[in-house]
Amino acid sequence: MQDCDDDSADFTAAVVETGIYGEADLTYRDERICGSYREGVPMTVTISRTGPRTSDKVPIGTRTAANLRAGIDGRDIVLDPGRARLFKRSYRVGIQYGGRTLTLRAKNLEDSALLDGPSDRGDNEFGVLTRVFGGGVEVLWSLPFTMVNRTIEPPTPSREDALIGIVVAAAFGTGGLSLTTIVMGAVESILP
């Protein structure tokens, strides 16, 4: 896997404030997105497109798992992106590395939740990630909340989980259309 720091002059960069692990740099090239922390133990997450660009709506250029390669410091990350069609569920990206499973799931039109595990159990949401103009990612980690007289403590992502989630959000974007949004838009365009 190629390193983020090569001699290519054709790239875009953004800085992300993680809120718990300091700042992270994102570096975009046509076929590759890299993320690394500015401080602490060096760590780099890279997602590369190995096939042709098949979508201009996806920053990395494809949602086809066979045309993607991802890694964290030389270890493989397995990505399973949905097709991003009609249902919010289809915008999910499954992430597996080192025996861990994470999921990036669309919450609404702009935001995605980073989950600890393959599905939302209600108590396993690390936080909400939003890809913003210029390629950055805004991060809002979940806070404890009360439900039926019980306080739920959301999990805290590891340093690896946080960086992987941020780079996946940068590579695939965040949010997703729901079928309700599509139907309401069609109804509004038909009715005066």
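Determine whether residue 130 is without any contact (Cβ under 8 Å) to a residue 24 or more places away in the chain and within 21 Å of residue 173 (Cβ to Cβ). The answer is no for residue 130.
Step by step: first the residues of region 61-79, then only those that are outside any strand (DSSP E or B) and in contact with a Ser or Thr (Cβ under 8 Å, 6 or more places away or on another chain), then the one that is surrounded by the most Cβ atoms within 10 Å (Cβ to Cβ). Which residue is that? Filtering first and then ranking leaves 63. From the list 101, 174, the one residue that fits, being within 14 Å of the chain's Cα centre (by Cα), free of Cβ contacts under 8 Å to residues at least 60 places away in the same chain and open to solvent by less than 70 Å² (accessible area, probe 1.4 Å), is 101.
Each residue in region 80-98 was checked for being touching a residue at least 24 places away in the same chain (Cβ under 8 Å), crowded, with 21+ Cβ neighbours inside 10 Å and within 14 Å of the chain's Cα centre (by Cα), and 4 pass.
So residue 95 passes all but one of these: (1) in contact with a Phe, Trp or Tyr (Cβ under 8 Å, 6 or more places away or on another chain); (2) within 16 Å of residue 173 (Cβ to Cβ). Which condition number does it fail? Against the list (1) in contact with a Phe, Trp or Tyr (Cβ under 8 Å, 6 or more places away or on another chain); (2) within 16 Å of residue 173 (Cβ to Cβ), residue 95 comes up short only on (1). For region 138-165, taking the residues that are surrounded by fewer than 19 Cβ atoms within 10 Å (Cβ to Cβ) and of a type in the set (S, T, N, Q), the one that is farthest from the chain's Cα centre (by Cα) is identified as 149. If we keep just the residues of region 114-137 that are of a type in the set (Gly, Ala, Ser) and farther than 17 Å from residue 16 by Cβ, which is farthest from the chain's Cα centre (by Cα)? If we take residues in region 114-137 being of a type in the set (Gly, Ala, Ser) and farther than 17 Å from residue 16 by Cβ, then 122 is farthest from the chain's Cα centre (by Cα).
Under the condition of being closer than 21 Å to residue 60 by Cα and either in contact with an Asp or Glu (Cβ under 6 Å, 6 or more places away or on another chain) or surrounded by fewer than 19 Cβ atoms within 10 Å (Cβ to Cβ) (or both), the residues counted in region 112-131 number 3.
The values are calculated or read from the model by the stated rules, or taken from the named source; none is laboratory data. Keep in mind that what you see is a predicted model, and the values were worked out from it rather than measured. Counting neighbours? That spans all protein chains shown, and the Cβs are built from the backbone with ideal geometry, glycine included. SASA here: full protein model, heavy atoms, side chains in, ligands and nucleic acids out. Shrake-Rupley method; radii C 1.70, N 1.55, O 1.52, S 1.80 Å.
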